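The values are calculated or read from the model by the stated rules, or taken from the named source; none is laboratory data. Small disclaimer: the values here were computed from a predicted structure and weren't measured. Methodologically, a virtual Cβ is constructed for each residue, glycine included, from the backbone with ideal geometry; neighbour enumeration extends over all protein chains shown. Each accessible area value is taken on the protein alone, full model and side chains, heavy atoms only, with ligands, DNA and RNA left out. Shrake-Rupley method; radii C 1.70, N 1.55, O 1.52, S 1.80 Å.
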Amino acid sequence: MEHFYIITNRDKDQELTVTGRIRDYLTGRGKQCTVKDRPFGGGDYSTDPASIPDDVDCILVLGGDGTMLQAARDVAPRQIPILGINLGTLGYLAEIDMDNLENALEALLQGSYVTEKRMMLQGTVMHADGSVDEDTALNDIVITRSGNLRVILYEIYVNGQFLKGYSADGLILSTPTGSTGYNMSAGGPIVEPSAELIMLTPICPHTLNTRGIILSPQDEIEVKIGRGRDGANQEIMVNFDGGHAIGIRTGDRIRISRWEKYTNILKCNHMSFLEVLHRKMKDA
């Protein structure tokens, strides 16, 4: 690897101290390093993939899991591998901690790493007026109520067949990477992140026999928003990786399937997922 691109969460590295430390380490070993220029407090944390030089071999993402998720969605069309450096607290995606920074960078330069392909989801929102919105997610697509505290009624179809109607506060459609996120908080299973499957987990279901469902990565899931129990229109939010939100309502549908692109995540610490999980859960 010769050319590195650094994306930094300026809220977590306000003076670019860590960013400069990484840049100096890499350039001191004859490598090219480009730092994304974004002023502190700018508010926009997205990255235009077209702004990344063509010869970049690796993207270093400094922040927490939220920064990693945003970067993954932004750069997936370029398929450039990314390595997360954790400046937050509990990080599953941003795996490199500050006390192991130089060792991890040296391992990267020596080629002592593995690349994990992580499946992603694509969500297509089809509004009743004929308009369409689309976005992608590495972790999850979450469908939740907007506004008041009424229970939402969902109709779930898989590959065109009716599966189940849910009465719940929301639904989580998650990848294995996202299993340790909102899915875990809602009681869903924890899955080895390099697996390929889609999890459907209800949020606070209002029945005693409702369970989450694990589906094939080839399945196409469609969620239809019907009318509430009182016949009123339901107001819903569809959220992609906790970042981009789209408002929908009764009569709208959202179709979710595996996206053709992957996020390529570099792993330098050679710890198994179970070891990382044990450490993170012990420290939580």
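Determine the sum of side-chain charges near Tyr25: Lys and Arg each +1, Asp and Glu each -1, restricted to other residues whose C-beta is under 12 angstrom from that of Tyr25. Local net charge: +1.
With respect to the chain, whose longest principal axis is taken over its alpha-carbon atoms, helix 65-75 is tilted by about 90°. Only one item in (1) 66, 38, 31; (2) 74, 65, 33; (3) 64, 41, 34 matches Cα extents along the principal axes in Å derived from the coordinates shown, and that item is (1). In a fully extended conformation the segment linking Arg21 and Leu101 would gain 27.8 nm over its present Cα-Cα distance, using 0.36 nm per residue.
Where the only charges are on Cβ atoms (+1 Lys, Arg; -1 Asp, Glu), what is the dipole of the range 103-238 about its Cα centre, to the nearest 20 debye? Display every interim value, and only then the final one.
Values: 9 positive and 16 negative charges, 106 e Å.
With only Lys, Arg, Asp and Glu charged at Cβ, the dipole is about 500 debye.
For the chain, modelled as a GNM whose springs connect Cα atoms under 10 angstrom apart, the maximal fluctuation among Leu215, Leu60, Leu274 occurs at Leu274. Ignoring ligands, DNA and RNA, what percent of the 1.4 Å accessible area of the chain is carbon and sulfur? Reported share for carbon and sulfur atoms: 47 percent. Between 0 and 90 degrees, the angle of helix 273-283 with respect to the longest Cα principal axis of the chain falls at about 90 degrees.
Ratio of Rg to Rh for the range 99-186: 1.15 [Cα atoms; Kirkwood radius as inverse mean 1/r over pairs].
D by Stokes-Einstein for the range 74-136, Kirkwood Rh over Cα pairs, 4 °C, 1.567 mPa s: 87 µm²/s.
Here the 3J(HN,Hα) profile of the range 56-62, calculated from phi with Karplus coefficients 6.51, -1.76 and 1.60 at θ = phi - 60°, is 5, 9, 7, 10, 9, 10, 9 Hz, Gly and Pro shown as x. Sequence-ordered 3J(HN,Hα) estimates for the range 193-202 from the Karplus curve with 6.51, -1.76 and 1.60 and θ = phi - 60° stand at x, 7, 5, 10, 6, 10, 9, 10, 10, x Hz, glycine and proline given as x. When only alpha carbons are used to place a centre, the range 203-257 and the range 92-165 end up 15 Å from one another. Only helices enter this figure: runs of n ≥ 4 DSSP H residues, each worth -39500 (n - 2.57), summed and divided by the residues of the chain, yield -4500 deg cm²/dmol at 222 nm to the nearest 500. Across the range 17-25, rounded Karplus estimates of 3J(HN,Hα) from the backbone phi angles (6.51 cos²θ - 1.76 cosθ + 1.60, θ = phi - 60°) give 5, 5, 4, x, 4, 5, 4, 5, 5 Hz, Gly and Pro being marked x.
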